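Read the structure below first, then the notes.
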Amino acid sequence: MLIEDFKLEKWINSREDRTKIDLSATCPKVLSLKVLTQITGENFSKMSEIPLNYGQLHGTKRLKQAICNLYENVNLDNVTVTLGGIGANYLVLQTLVNKADKVVCVCPCYQQMYTLPKNFGANVELFFLNEDWTLDIEQFKAVVGEDTKLICVTNPNNPTGMNSDLTDIVKVARGVGAYLFVDEVYRGLNHSETPYSKSAVDLYDKAIVTGSMSKTYSLAGIRLGWIVANKNIIEQINSNREYNTISISALDDYVATIALENHDKIVDRNLKIILENKKILSNFINLNSHFSWIEPNAGTIACVKFDYDLTSEDFCAKLFDDTGVLTIPASCFDMQQKFFRIGYAMDSQILQNSLNSISDWIRKIY
């Protein structure tokens, strides 16, 4: 079965081998086992003793308990472990969405959230945030009717970096009896107050949420994600899971367990990087009168708006061709606005150098 191109991934993949500075990256400065040892005190030489068999198919109890501890009212029966966050999202949508179902997706968001339901035959309605990245709840209610089966949300949002209170969306979902699917892969990276917002799964019994080791925990390379939902939904998801997963890597399970048992230390480390770098990015925007933004309040990414007479795709393509700096155009999120997504959670000096390159390029071209 053919499916339409994943615009974001195709944009990155077609330029990856020519990229000099990657501002498309969304993970905080990545961890190695050496650095993870320094943070957790774990002796990872124990990995040499792990039997490389299938292990516990839905994740070890220790790992699932570490995941449960990220939520308020979750137990082992509410969790299944997957091949990355992208695998988690696929399984949720494959399980819940049938032909002719009505699905409402809050956009902009990760394309997987609406392209897959379309591919499964659903009637998908995209509901876009306002220009200041807020949700018009009254208009949203008008779109979500009694016939809506599933509402899809990314929170904190990709690409805007905005964390939102889900209370009103939960009320809308509950009012029509719809499932609420929330991709929460950036959860735990709020820039102020508590790092972790209340999860949708702790607000609504028909909520399904996904998480992963990639963003909040800087371990994209171990390819591990999870789904949390009520027991009945997890059982349905696991029936589909047997066809494409069987089990995750025993080594990934172990590394993820140690990391999540020390999640507060990793989050603290990552937020220090993010907040320092957000100041650098803010200064860059303030010094360039053609740029503006709605300052993100969570995560590792932001949308930088511009007022040059170019489409977002042309702007990002020309920037890349001239400088080797890779950013993501608004068109990758099916939007016509003039903005590019930037990831800013890497090494601070690399970020500063890349922004200097953009500033030099702007002065030269414009």
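The values are calculated or read from the model by the stated rules, or taken from the named source; none is laboratory data. Note that the structure is predicted; figures quoted are calculated from it, not measured. Because the Cβ atoms are built from the backbone with ideal geometry, glycine has one as well, and the counts that use them run over all protein chains shown. Protein only, heavy atoms only, side chains kept; ligands, DNA and RNA dropped before computing areas. Shrake-Rupley method; radii C 1.70, N 1.55, O 1.52, S 1.80 Å.
Per residue, the chain exposes 44 Å² of accessible surface when a 1.4 Å probe is rolled over the protein heavy atoms with every protein chain present. Placing one equal scatterer on every Cα of the range 177-252 and applying the Debye formula, the log10 ratio I(q)/I(0) at q = 0.13, 0.15, 0.28 Å⁻¹ is -0.47, -0.62, -1.27. Rounded to the nearest whole Hz, the Karplus-based 3J(HN,Hα) values (6.51 cos²θ - 1.76 cosθ + 1.60, θ = phi - 60°) of the range 88-96 follow the sequence 4, 4, 4, 5, 4, 5, 4, 6, 8, with x at glycine and proline. The HN-Hα couplings worked out from phi for the range 218-227 by the Karplus form 6.51 cos²θ - 1.76 cosθ + 1.60 (θ = phi - 60°) are 6, 10, 4, x, 8, 6, 9, x, 7, 10 Hz, whole numbers, x standing for Gly and Pro. Between amide H atoms placed 1.01 Å from N, distances below 5 Å from Ile208 occur with Leu180, Phe181, Val182, all of them 5 or more places distant or on a separate chain. Per-residue extension of 0.36 nm, minus the Cα-Cα distance of Asn288 and Gln56, leaves a gain of 78.2 nm for this segment. What you get for the range 3-42, charging only the Cβ of Lys and Arg (+1) and of Asp and Glu (-1), is a dipole of about 220 debye around the Cα centre. Among Glu313, Glu16, Glu295, the largest mean-square fluctuation in a Gaussian network model of the chain (Cα springs under 10 Å) belongs to Glu16.
Rolling a 1.4 angstrom probe over the range 95-134 with all protein chains present gives an accessible area of which 45% lies on carbon and sulfur atoms. Remark: the range 69-174 is approximated by an ellipsoid whose semi-axes, taken from the C-alpha gyration tensor as √(5λ), come to 21, 19, 15 Å, largest first. Principal axis extents of the Cα atoms in the range 265-340, from largest to smallest and rounded to whole angstrom, are 43, 25, 24. The stretch between Lys279 and Asn238 holds 10.4 nm of extra length on full extension. This uses 0.36 nm per residue minus the Cα-Cα distance.
Since only Cys316, Trp361, Asn283 are under comparison, the one whose Cα sits farthest along the positive direction of the charge dipole of the range 277-366, derived from C-beta charges on Lys, Arg, Asp and Glu, is Asn283. Solvent-free Debye calculation, one equal scatterer per alpha-carbon of the range 1-120: log10 I(q)/I(0) at 0.11, 0.18 Å⁻¹ equals -0.64, -1.26. For the range 31-129, the set of chymotrypsin sites (Phe, Trp or Tyr not before Pro) satisfying both a DSSP loop assignment and a count of at most 16 other C-beta atoms within 10 Å is given as Tyr54. Loop-located chymotrypsin sites (Phe, Trp or Tyr not before Pro) in the range 185-244 (DSSP state not H, G, I, E or B) with no more than 12 neighbouring Cβ atoms inside 10 Å: Tyr243.
Annotation: amide H-H contacts under 5 Å for Ile328 (H modelled 1.01 Å from N, sequence separation of 5 or more, or interchain): Arg341. Dipole magnitude for the chain: computed about the Cα centre from +1 point charges on Lys and Arg Cβ and -1 point charges on Asp and Glu Cβ, it is near 580 debye. Given +1 at the Cβ of Lys and Arg, -1 at the Cβ of Asp and Glu and no other charges, the dipole of the range 13-170 around its Cα centre is 800 debye to the nearest 20.
Compactness of the chain, taken as the C-alpha radius of gyration over 2.2 N^0.38 Å, stands at 0.98. Extension gain, Ser48 to Ser247, is 69.7 nm, computed as 0.36 nm per intervening residue step minus the present C-alpha separation.
Along the axis of the charge dipole computed for the range 1-160 (Cβ charges of +1 for Lys and Arg, -1 for Asp and Glu, origin at the Cα centre), the listed residues Pro159, Gly85, Val144 are led at the positive end by Gly85. If the limit is 32 Å between Cα atoms, which of Lys198/Lys279; Lys278/Lys338; Lys20/Lys118 go over it? Among Lys198/Lys279; Lys278/Lys338; Lys20/Lys118, the Cα-Cα distance tops 32 Å for Lys20/Lys118.
The string of couplings for the range 315-330 from the Karplus curve (6.51, -1.76, 1.60, θ = phi - 60°) is 4, 5, 5, 5, 4, 5, 4, 8, 10, x, 8, 9, 10, 10, x, 4 Hz, one whole number per residue in order, with x for Gly and Pro. Using the rule -39500 (n - 2.57) for each DSSP H run of four or more residues, divided by the residues of the chain, the 222 nm mean residue ellipticity is -11500 deg cm²/dmol. By the rule of a second cysteine Cβ within less than 4.7 angstrom, the chain holds isolated cysteines at Cys27, Cys68, Cys107, Cys109, Cys303, Cys316, Cys332. By accessible area, using a 1.4 Å probe on protein heavy atoms only, the range 183-326 has 48% of its surface on carbon and sulfur.
For the chain, leaving out every one of the trypsin sites (Lys or Arg not before Pro) that falls in a DSSP loop and has at most 15 other Cβ atoms within 10 Å, the longest unbroken run is 199-366.
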